[in-house]
Structures are given as structure tokens and as C-alpha cells.
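Notes to accompany the following structure.
The values are calculated or read from the model by the stated rules, or taken from the named source; none is laboratory data. None of these values were measured; they are calculated from a predicted model. Cβ placement follows ideal geometry from the backbone for every residue including glycine, while neighbour counts extend to all protein chains displayed.
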Amino acid sequence: MSETEQSPQPNASSSKTAELSREERFKALRSKHSASIKANHAEVVAEHKRMKLNPQHLSKLDRKKAEAEIKLAKVDAEDAGEDFERKRAWDWTMEESEAWDTRLAEKQRNRNEAGFSGKPLTPKSGS
């Protein structure tokens, strides 16, 4: 009977450890849950902020910013007595400049050649 008397004691201590481990797991789950709620809320707020921004408005602002920077650079160059277009051309090599010129000439040629050939349309017979 000594075995049966000793078995309740380990069960009691094992039940206490099981209860403690259950409480620890529950606390861990609660903290994980609260952390996920906070992260989800932050993500929802960020998404809402992104949704409020209009992409066309952002591109318009970027374009205006670039134009303002160019105007400012022109004014600065004029104040310094420099030629803005010449200073700006320093950013490209000779080959890049020639390639750009040929590209623009090709575009202009395509624009001039586009359209109708000038031949009158003939109506279909039998319709």
C-alpha cells in the first residue's frame, strides 16, 4: 500500500505544476493575443492612411516639385551668370546626346509620316 500512498503526492505536485504550466501558457497566450491586437490595429491605421492618399495627387506633387527644382536651378544659374542649358548638358555624354537627338528626329519623322496616305477611299460595290 505504500505505492498507493505515494502516488497521490506526485499527482498533487504534478497537478500543481500542470496548473502552473497551464497558467503560464494562458498568460503567454494572452500576451501574444494583446500583441497581435496592437499590431493589427497599427496595420489598419497604416492601411487607412495609405488609402486616403490619392496616387494621382502624389504624382502631381512630384511633378510640381521637379518643375520647381528646375526653375530654381535656372534662377541660380542666371544669378551666377552661367548658361543653364549648357550646365545641364554636362550631365550627359556625347554619345548619349547624339542618341537622344536621333531618337527625337525619328519621333518627328514618324509623326510626319503618320496618318492617311492621301488615296481616296473607294466604296465597296454590291453593298
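So, in region 51-99, of the ones that are of a type in the set (Ser, Thr, Tyr) and more than 31 Å from the chain's Cα centre (by Cα), which residue ends up surrounded by the fewest Cβ atoms within 10 Å (Cβ to Cβ)? So that I can check it myself, show each step before the final result.
Kept after step one, since they are of a type in the set (Ser, Thr, Tyr), are these residues of region 51-99: 59, 93, 97.
Still in the list and also more than 31 Å from the chain's Cα centre (by Cα): 93, 97.
Working: THR93: 9, SER97: 12.
The residue in question is THR93.
Per this entry, ASP91 is not counted among residues that are modelled with pLDDT under 90 and in contact with a helix residue (DSSP H, G or I) (Cβ under 9 Å, 6 or more places away or on another chain). The numbered conditions (1) modelled with pLDDT of 90 or more; (2) acidic (Asp, Glu); (3) in contact with a helix residue (DSSP H, G or I) (Cβ under 9 Å, 6 or more places away or on another chain) are all true for GLU69 except (3).
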